[in-house]
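Engineer: What follows is a single structure, and I will ask about it in a moment.
The values are calculated or read from the model by the stated rules, or taken from the named source; none is laboratory data. This one's a predicted model, so the numbers in the text were calculated from it and none came from an experiment. Heads up, the Cβs are rebuilt from the backbone with ideal geometry, glycines too, and the neighbour counts pull from every protein chain shown. For accessibility, only protein heavy atoms count, side chains too; no ligands or nucleic acids. Shrake-Rupley method; radii C 1.70, N 1.55, O 1.52, S 1.80 Å.
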Amino acid sequence: MQTSSYPAETPGQSAADRAYQLTKELVLSGELPGGHLFSETEIAGRLGLSRTPVREAFVRLQAEELLTLVPKRGAIVAPVPPGEGEDVLDAREAIETAALRRLLRTPERIPAAIARMREALEVQRGYAELGDLNAFAEADELFHRTLVAAGDNALLIRFYTGLADRQRRMNIAALGPVPGHIPVVLREHGELIDIIESGDEVAFATALRAHLDGTHR
């Protein structure tokens, strides 16, 4: 699978924002892997910028724990900390199960939620057919976030959204070396939708755990 192109420039976007967006994309897509040392000059050269906005971008990304700044040398891509993957998976399992439980309390909202999830799955299927791993990973996070949104718990939605970058990085790390698992992910997403439609909370919890384990553990 190929990765998608760099983010397009947004009209009116500041130089620092452009540097931030590009550098973050390089890290999350895995093009700059954990432990890789690179310089402000490298990013500035790609964008035709001075080093000042790139330095600002690096500081922002260090605050997000994606980079570690090295004085006079540049920055190192922060590897995924030991245990973080398990923490993210446990959080996802708890949030998505809680979202499903809450959705089932209002059966009249289930058809619309199912329709949105099927639409998200078709988007993901399209990226799989294009061989775009990066976009597939983003669509994977969107699929699961669509379920969380259907639960209509503002606190859980906000917390889950905060996991998006970590999820995407984990997805690329898990699926990149094993592209043959991508059809399995799509099939399991379809099965999760069918279970939600059936209203079986216990079956959903079991299937979700197996899905997360099979992809990431």
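Engineer: Contact order normalised by length for the chain, with contacts defined as Cα pairs under 8 Å and 6 or more residues apart; what percent is it?
Structural biologist: 22 percent
Engineer: Using a 1.4 Å probe on the protein heavy atoms, what percent of the accessible area of the range 3-137 belongs to carbon and sulfur?
Structural biologist: Here carbon and sulfur together make up 54 percent of the probe-accessible area.
Engineer: How would you rank 102-110, 25-33, 38-46, highest first, on the average number of other Cβ atoms within 10 Å across their residues?
Structural biologist: 25-33, 38-46, 102-110
Engineer: Now for a different question. Rank by packing, highest mean first: peptides 182-188, 74-80, with packing defined as the count of other Cβ atoms within 10 Å averaged across residues.
Structural biologist: Ranking the peptides 182-188, 74-80 by packing returns 74-80, 182-188.
Engineer: State the Kirkwood hydrodynamic radius of the chain in Å, one decimal place, computed from all pairs of distinct Cα atoms.
Structural biologist: In the chain this quantity evaluates to 18.5 Å.
Engineer: So what's the range 102-217 giving for Rg/Rh, alpha carbon basis, Kirkwood Rh from the mean inverse pair distance?
Structural biologist: Rounded to two decimals, Rg/Rh equals 0.95.
Engineer: How many Å² of accessible area per residue for the chain, probe 1.4 Å?
Structural biologist: 49 Å²
Engineer: What are the ³J(HN,Hα) values, in whole Hz, obtained from phi via the Karplus relation 6.51 cos²θ - 1.76 cosθ + 1.60 with θ = phi - 60°, for each residue of the range 33-50 in sequence order, with x given for Gly and Pro?
Structural biologist: For the range 33-50, the Karplus-derived couplings read x, x, x, 6, 9, 9, 10, 4, 4, 4, 5, 4, x, 5, 9, x, 10, 7 Hz, x marking Gly and Pro.
Engineer: About the Cα centre of the chain, what is the dipole size in debye to 20, counting +1 per Lys and Arg Cβ and -1 per Asp and Glu Cβ, all else neutral?
Structural biologist: My answer is approximately 600 debye.
Engineer: Taking 8 Å as the Cα distance limit and 6 or more residues as the minimum spacing, I'd like the relative contact order of the range 60-136 as a percentage.
Structural biologist: 11 percent
Engineer: Another one. Report, to two decimal places, the Cα Rg of the range 8-111 normalised by 2.2 N^0.38 Å (N = number of residues).
Structural biologist: The reported ratio for this selection is 1.46.
Engineer: Something else now. Excluding His181 itself, what net charge comes from residues whose Cβ is under 11 Å from its Cβ, given Lys and Arg +1 and Asp and Glu -1?
Structural biologist: 0
Engineer: Check which residues have an amide H placed less than 5 Å from Leu66's amide H, if you skip close sequence neighbours.
Structural biologist: Placed amide hydrogens put nothing under 5 Å from Leu66.
Engineer: Percent relative contact order of the range 1-112, based on C-alpha pairs within less than 8 angstrom and at least six residues apart?
Structural biologist: Dividing the mean separation by the residue count of the range 1-112 yields 23 percent.
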